[in-house]
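I am attaching a structure below and will ask some questions about it afterwards.
The values are calculated or read from the model by the stated rules, or taken from the named source; none is laboratory data. Computed from a predicted structure; not experimentally measured. Glycine also receives a Cβ, built like all others from the backbone with ideal geometry; neighbour counts cover every protein chain displayed. All accessible areas refer to the heavy atoms of the entire protein, side chains included, with ligands and DNA or RNA removed. Shrake-Rupley method; radii C 1.70, N 1.55, O 1.52, S 1.80 Å.
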Amino acid sequence: SLKQHLIIGSTIMRTFRAPGIEELFTEGPHLAAYAYEVGNGSLDPERGLGTELFVDYHPAGGHVHLALFRNSIERYIFPKNTGKRSLRRADLFLYQTVGLRALMHGAELAIEKELGRRWQTLGTLSYVRGRLTNLEDESMPRLPPLQGRAGLAYKRDDAMQLSGGVRMAAAQKRLGPFENPTDAYIVLDFSGQYYIHWRGHLHTVAITLENASDAAYRKHLNRVKKILPEPGRNLRLLHKVFF
């Protein structure tokens, strides 16, 4: 019956995070992020109140998970782009660590479904929106757009599994100050894994082909996305031996 396969619940969370030493006292160039970062020694701890409503449904040979969440955060700590160039490094923008009130809400969806004995489909979808409530509801910077994955897996037996799927994201046009918009993208990935016992040890061999179509794309969370896109086609072969 539906009652035997359906679970509905909610969670309330109270969070606390003290500022890190870098957030308090850092002062210098962060070349990997193309920024000059300055800490803030007067930061107060970050405190938040989060609520979540979730639904878990377990039909035969499958699973559906849906979660809706809302997080209210006092003094959300993050490096904020001032829009100014550093006096010490004129080629880098100045990022000042701040603690501001923030409100975040969003949703997550995950689906798994068996297609016979050897095939399985799976997919995820997530969305989050955030606002800085004491700055006239200014959009929070560096939040991902609507994004998800969809894939198909084949499991011949316990020793071998093959899978393929796509990673995708919508365009991000809800921007914080001095942010650049990011275009939508779809990236194709393939992977395979094989287990074997040989000479008394467990061996695993994994091969992964990421961005198989060599698409040019940029992730919104990458601070240097304007000058450096994400990696192109990438093939990896990994062999592990467990002693």
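Measuring with a 1.4 Å probe in the full set of protein chains, what accessible area per residue, in whole Å², belongs to the stretch 55-100?
I get 55 Å² per residue for this part.
Calculate what fraction, in whole %, of the accessible area of the stretch 68-179 sits on carbon and sulfur atoms when a 1.4 Å probe is rolled over the protein chains.
It is 53 percent, rounded to a whole number.
Going through the stretch 109-149, which GluC sites (Glu not before Pro) have at most 15 other Cβ atoms within 10 Å and a DSSP loop state?
Here the GluC sites (Glu not before Pro) that fit, given the DSSP loop and packing criteria, are E136.
OK, next. Cross-link partners among lysines for K84, C-alpha distance below 18 Å, same-chain residues fewer than 8 apart left out?
K226
For the stretch 114-223, just say rounded, prolate or oblate: build the C-alpha gyration tensor, square-root its eigenvalues into a ≥ b ≥ c, call rounded for a/c under 1.5, and beyond that prolate if a/b exceeds b/c, oblate if not.
Prolate.
Tell me the GluC sites (Glu not before Pro) within the stretch 31-100 that lie in a loop according to DSSP and have at most 11 other beta-carbon atoms within 10 Å.
Passing sites in the stretch 31-100 do not exist.
Could you give each residue of the stretch 206-217 its phi-based ³J(HN,Hα) in whole Hz, using Karplus coefficients 6.51, -1.76, 1.60 with θ = phi - 60°, and x for Gly or Pro?
10, 10, 9, 10, 9, 6, 4, 8, 6, 6, 8, 8
Right, another one. Compute the signed sum of charges (Lys and Arg +1, Asp and Glu -1) over the other residues within less than 13 Å, Cβ to Cβ, of G62.
Cβ neighbours under 13 Å give a net charge of -2.
Counting Lys and Arg as +1 and Asp and Glu as -1, each charge on the Cβ, what is the dipole of the stretch 51-94 about the Cα centre in debye, to the nearest 20?
So the magnitude is around 620 debye.
Can you give the charge dipole size of the chain about its Cα centre, rounded to the nearest 20 debye, using +1 on the beta carbon of Lys and Arg and -1 on the beta carbon of Asp and Glu?
Roughly 300 debye, rounded to the nearest 20.
Within the stretch 71-117, which chymotrypsin sites (Phe, Trp or Tyr not before Pro) sit in a loop by DSSP and count at most 14 neighbouring Cβ atoms inside 10 Å?
When the chymotrypsin sites (Phe, Trp or Tyr not before Pro) of the stretch 71-117 are filtered for loop state and at most 14 Cβ neighbours within 10 Å, nothing remains.
Under the rule a/c < 1.5 gives rounded, and otherwise a/b versus b/c splits prolate from oblate, where does the stretch 1-105 land using the Cα gyration tensor?
prolate
Less than 12 Å from a label point 7 Å out along the Cα-to-Cβ axis of H201: which backbone N atoms in the stretch 226-243 qualify, by residue?
239-243
Go through the stretch 81-91 residue by residue and turn each phi into a ³J(HN,Hα) via Karplus (6.51, -1.76, 1.60, θ = phi - 60°); whole Hz please, and just put x for glycine and proline.
Along the stretch 81-91, the couplings run 5, 7, x, 9, 7, 5, 5, 8, 9, 5, 7 Hz.
To continue, here is another question. Just one of (1) 159; (2) 188; (3) 142 is volume of the Cα convex hull per residue in Å³ as worked out from the coordinates here. Which one is it?
Among (1) 159; (2) 188; (3) 142, the one derived from this structure is (2).
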